[in-house]
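Worksheet: one structure, shown below.
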Amino acid sequence: MREALAGALDGLAAYPATAGTPALRQAISGWLARRYGIPAPDPETQVLPVNGSREALFAFAQTVLDPTRPARVVCPNPFYQIYEGAALLAGATPLFCSEGFQGLSDPEWAQTQLVYACSPANPTGKVLSLGAWRTLFELSDRHGFIIASDECYSEIYFDQPPLGALEAAHRLGRGFERLVVFSSLSKRSNAPGMRSGFVAGDAALLKKFLLYRTYHGSAMSLVVQQASIAAWGDEAHVRENRRLYAEKFRAVLPLVPGAEMPQGGFYLWLRTSLDDAEFARRLYAEYNVLVLPGSYLAREAGGVNPGRNRVRIALVAPLAECVEAMQRVSQFMKNVS
């Protein structure tokens with residue numbers, strides 16, 4: 001990636017196309033086909049490079065929501081905060097349901113225009129099953145809403161490769177109608193500073209999104225595009241990335257009672273005996289370890305905040321730092337138990 005980046009510096013002298021280069025779209029299409037065992041999406045109409053998945057997830061709502069009628073955006077609970085912000089800025093009302101998309105009434109589904117899915121989930125690490133995708137597709141067929149599947153953690157796993165939305169649609173004999181997926185090199189290739197990802201799926205939706213992004217000025221640098229082509233074409237560094245995360249989990253899980261291995265991603269979703277916000281404040285003040293209160297990553301639904309009494313711990317530091325941090329967390333938990 002470094003070599004590709006350095007070798008493409010002449011690209012700084014040119015305005016990039018919002019749609020990206022044909023070579024990058026082809027590289028992404030080929031990766032999707034290899035990774036998920038699906039027919040390669042059309043690189044001309046079904047693949048769109050973006051500057052990381054975060055800004056694309058946020059902007060997509062503004063492209064597809066119709067503010068002239070009641071608009072609901074369904075988010076998993078707990079959730080990545082971008083989904084809620086995207087819904088609010090687009091003039092919609094966010095609704096929160098369980099990660100299996102349970103708990104909403106038919107009238108609520110009837111007003112839903114967009115559903116954000118996240119698998120593996122942030123922060124829980126859970127992976128949506130084929131049955132969950134079948135349920136969501138059936139709801140989409142009945143009510144006509146669009147599905148935006150956030151799959152930025154898809155390549156950090158420890159057992160079976162997580163099922164993707166395009167793969168689920170293919171296995172269920174569907175096309176990609178009303179379905180788009182978002183992915184990124186940030187986690188897969190440990191390259192968050194590149195701001196490189198893609199959206200793939202429904203060609204009609206991507207045509208609208210491309211137009212929006214063209215006016216918005218959201219084009220990926222040609223230099224970054226060349227490095228991205230190198231990244232999507234190589235799996236050795238991705239396997240090494242997974243190995244390093246697995247090594248961290250093996251080292252820290254025995255240190256903290258109740259810590260569980262996620263299905264995917266690099267977070268520990270740890271249960272606390274204290275209020276989660278108090279836990280985070282005291283842990284930082286007394287042991288200089290920073291974690292995120294779980295209740296900040298969720299909303300109350302049905303009288304319950306599913307993040308309450310949990311904290312999210314990101315194992316992104318080097319192994320030795322992760323081990324020392326979790327030793328401090330363990331000591332803190334013993335002191336407050």
>> Let's test the formula: R0 of 22 Å, r as the Cβ-Cβ distance of T45 and H237. What FRET efficiency results, to the nearest 0.05?
In response: 0.15
> Which parts of segment 59-75 would a label at K208 reach, counting a residue when its backbone N lies under 17 Å from a point 7 Å out along Cα-to-Cβ?
Replying inline: 59-74
> All other residues with a Cβ under 12 Å from the Cβ of V316 taken together, and with Lys, Arg as +1 and Asp, Glu as -1, what is their net charge?
Replying inline: +2
> Among K187/K334; K207/K248; K248/K334, which pairs are too far apart, with a Cα-Cα distance over 30 Å?
Replying inline: K187/K334; K207/K248
>> Tell me whether segment 96-143 comes out rounded, prolate or oblate; compute the Cα gyration tensor, take square roots of the eigenvalues as a ≥ b ≥ c, and use a/c under 1.5 as the rounded threshold.
In response: prolate
> So, counting K/R as plus one and D/E as minus one, what does the shell of residues with Cβ under 12 Å around M1 add up to?
Replying inline: 0
>> From the C-alpha coordinates alone, can you work out the Kirkwood hydrodynamic radius of segment 196-307, in Å?
In response: 18.6
>> If N is the number of residues in segment 117-169, what value comes out of its Cα radius of gyration divided by 2.2 N^0.38 Å?
In response: 1.14
> What per residue convex hull volume, in Å³, do the alpha-carbon atoms of segment 1-105 yield?
Replying inline: 173
> If packing is taken as the mean number of other Cβ atoms within 10 Å per residue, what is the order of 298-307, 48-57, 29-38, 148-157, highest first?
Replying inline: 148-157, 48-57, 29-38, 298-307
> P(r) tail for the chain, what percent of Cα pairs lie past 36 Å?
Replying inline: 21
> Given 0.36 nm per residue, what is the gain on full extension from E84 to E300 after removing their alpha carbon distance, in nm?
Replying inline: 76.4 nm
> Taking R0 as 30 Å, what's the FRET efficiency between A246 and S129 from their Cβ-Cβ distance, rounded to 0.05?
Replying inline: 0.85
> Across segment 56-155, how large is the tail of the calculated P(r) beyond 24 Å, expressed as a percent of all Cα pairs?
Replying inline: 14
>> Tell me the net charge near K334. Cut-off is 14 Å between Cβ atoms, K334 excluded, with +1 for each Lys or Arg and -1 for each Asp or Glu.
In response: +1
> Does anything in segment 220-238 have its amide N under 19 Å from the 7 Å Cα→Cβ label point of A13, and if so which residues?
Replying inline: 221-227
>> Can you show me the helix-derived [θ] at 222 nm for the chain, built from DSSP H runs with n ≥ 4 at -39,500 (n - 2.57) apiece and divided by the number of residues, rounded to the nearest 500.
In response: -13000 deg cm²/dmol
>> Contact order normalised by length for segment 138-277, with contacts defined as Cα pairs under 8 Å and 6 or more residues apart; what percent is it?
In response: 24
> How high is the relative contact order of segment 260-337, given as a whole-number percent (alpha carbon pairs under 8 Å, six or more residues apart)?
Replying inline: 33
>> Accessible area of segment 76-156 with a 1.4 Å probe: how many percent of it is carbon plus sulfur?
In response: 53
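The values are calculated or read from the model by the stated rules, or taken from the named source; none is laboratory data. None of the values given here were measured: they were computed from a predicted structure. Note that we place each Cβ from the backbone using ideal geometry, even for glycine, and neighbour counts take in every protein chain shown. Accessible surface areas use protein heavy atoms only, side chains included; no ligands, DNA or RNA. Shrake-Rupley method; radii C 1.70, N 1.55, O 1.52, S 1.80 Å.
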